[in-house]
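Quick notes on the structure that follows.
The values are calculated or read from the model by the stated rules, or taken from the named source; none is laboratory data. Since the model is a prediction, treat every value here as computed from it, not as a measurement. Using ideal geometry, Cβ is built from the backbone for each residue, glycine included, and neighbour counts are taken over all protein chains shown.
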Amino acid sequence: MNGKIGQLRKILDDSNYTVALCGSGMMEEGGFIGIKKQDKAYDIENRYGYGVEEMYSSAFYNTRPEQFFEFYKKEMLYNAPRDTASGPALAAMERAGKLQCVIDSNIYDKPRRGGCRHVINLHGSIYQNQCPRCKRKYPVTYITKAKRVPICQSCNIPVRPMISLIGEMVDSQNMTKTTVEITKADTLLLLGTTLASEVFRQYIEYFTGRNIVIIHKQEHYLDKEAALVLLDYPMDVLPLLGYGDETNA
């Protein structure tokens, strides 16, 4: 591992522009089991009487708001992944000038909450909630504390979590920003994801830089296309780079 940490450090030190892509493995390292995982999805359908694909959708939010928010609060908010060392380590890399942008496919905003400033939340954030009519904003605590459906205090309609639900298009501005950042990248860090990612694959095609580095717990046959692969959770690798130590940065 020490040899690979040294290789990664050199790649980052030599890189003119580094972009990190944060996938589902970043949630898994925090103890979150994805709702689409087979066992989890089966358990959810047994408990709620509806499948994940149906409940985690804008149609379900619009037609069955009480059941939507019961599911959303219990499965997505109360079971949110815990904070790990990855967020602060990415922020330290950013402060050291070794990381120019983080693109996060998760909805928990862990990089920004860890201290990163240049973050694109591709699928939105649980911390952004607003009324679909008047656009009044509400904190996530307003959602969690609501007895049933969180209602806009001005319009008396359900508040909308500003996240991409199943079947919805990703915000076009976020898509454009993501493409631009990857096009600029000299080094691409795949954190908790792979080159075959359903979310990131279309964007990775725009990468024309020098190095792709994968830090992911699970091995994948496409790993051979990367310059460097570390089979571990990002939280167990990124802090070892030492960018948080001013004497090493």
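May I ask you to list the residues in the range 34-47 that are in a helix (DSSP H, G or I) and touching a helix residue (DSSP H, G or I) at 6+ places or on another chain (Cβ under 6 Å)?
Step one: list which residues in the range 34-47 are in a helix (DSSP H, G or I), which gives 38-47.
Once the filter is applied, which keeps residues that are in a helix (DSSP H, G or I) and touching a helix residue (DSSP H, G or I) at 6+ places or on another chain (Cβ under 6 Å), the range 34-47 yields A41, I44.
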- Query: Consider Y61 against the criteria (1) over 18 Å from I166 (Cα atoms); (2) in contact (Cβ under 8 Å) with a residue 40 or more places away in the chain; (3) in contact with a helix residue (DSSP H, G or I) (Cβ under 7 Å, 6 or more places away or on another chain); (4) part of a helix (DSSP H, G or I): it satisfies all of them except one. Which criterion is unmet?
  - Reply: (1)
- Note on the structure: The condition of being over 20 Å from the mean Cα position of the chain (by Cα) and modelled with pLDDT under 95 holds, among M1, M55, only for M1
- Selection from the range 197-211 of residues more than 15 Å from A185 (Cβ to Cβ) and touching a residue at least 24 places away in the same chain (Cβ under 8 Å) yields S197, V199
- Task: Determine the pairs where a residue that is under 14 Å from S15 (Cα atoms), located within the range 178-196, has a partner that is surrounded by 24 or more Cβ atoms within 10 Å (Cβ to Cβ) and of a type in the set (K, R) with Cβ atoms under 8 Å apart, the partner being 6 or more residues away or on another chain.
- Result: none
- Quick one: which residue in R136, R160 is surrounded by 13 or more Cβ atoms within 10 Å (Cβ to Cβ) and free of Cβ contacts under 8 Å to residues at least 24 places away in the same chain? R136
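Name every residue in the range 96-120 that is part of a strand (DSSP E or B) and either more than 23 Å from N16 (Cβ to Cβ) or of a type in the set (A, V, I, L, M, F, W, C) (or both), in order of residue number.
C101, V102, I103, V119, I120 - these are the residues of the range 96-120 that are part of a strand (DSSP E or B) and either more than 23 Å from N16 (Cβ to Cβ) or of a type in the set (A, V, I, L, M, F, W, C) (or both).
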- Query: What are the residues in the range 184-240 that are closer than 16 Å to C22 by Cβ, more than 17 Å from the chain's Cα centre (by Cα) and in a helix (DSSP H, G or I), if any?
  - Reply: D236, P239
- Which one of these does S154 not meet: (1) small (G, A, S); (2) closer than 26 Å to I33 by Cβ; (3) assigned by TED's automatic domain parsing to the domain that holds I44? (2)
- Query: In this structure, does T176 turn out to be assigned to a helix (DSSP H, G or I), among the hydroxyl-bearing types (S, T, Y), surrounded by fewer than 16 Cβ atoms within 10 Å (Cβ to Cβ) and modelled with pLDDT of 95 or more?
  - Reply: yes
- Item | Whichever residue in the range 181-222 is of a type in the set (G, A, S) and more than 18 Å from M26 (Cβ to Cβ) and, among such residues, is surrounded by the most Cβ atoms within 10 Å (Cβ to Cβ) | A185
- Item | Subset of the range 99-135 that is of a type in the set (G, A, S) and at positive phi - its residue that is nearest to the chain's Cα centre (by Cα) | G124
- Query: Of the residues that make up the range 123-142, is at least one at pLDDT 95 or above and closer than 19 Å to V237 by Cα?
  - Reply: no
- Message: Looking at the structure I just gave you, is L241 within 21 Å of M93 (Cα to Cα) and either buried (at least 21 other Cβ atoms within 10 Å of the Cβ) or outside the structural domain of P111 (by TED's automatic domain parsing) (or both)?
- Response: yes
- Query: Residues L77, L21: which one is touching a helix residue (DSSP H, G or I) at 6+ places or on another chain (Cβ under 9 Å) and under 15 Å from I215 (Cβ atoms)?
  - Reply: L21
- Query: How many residues, within the range 7-33, are surrounded by 14 or more Cβ atoms within 10 Å (Cβ to Cβ) and either assigned to a loop (DSSP other than H, G, I, E, B) or among the charged types (D, E, K, R) (or both)?
  - Reply: 10
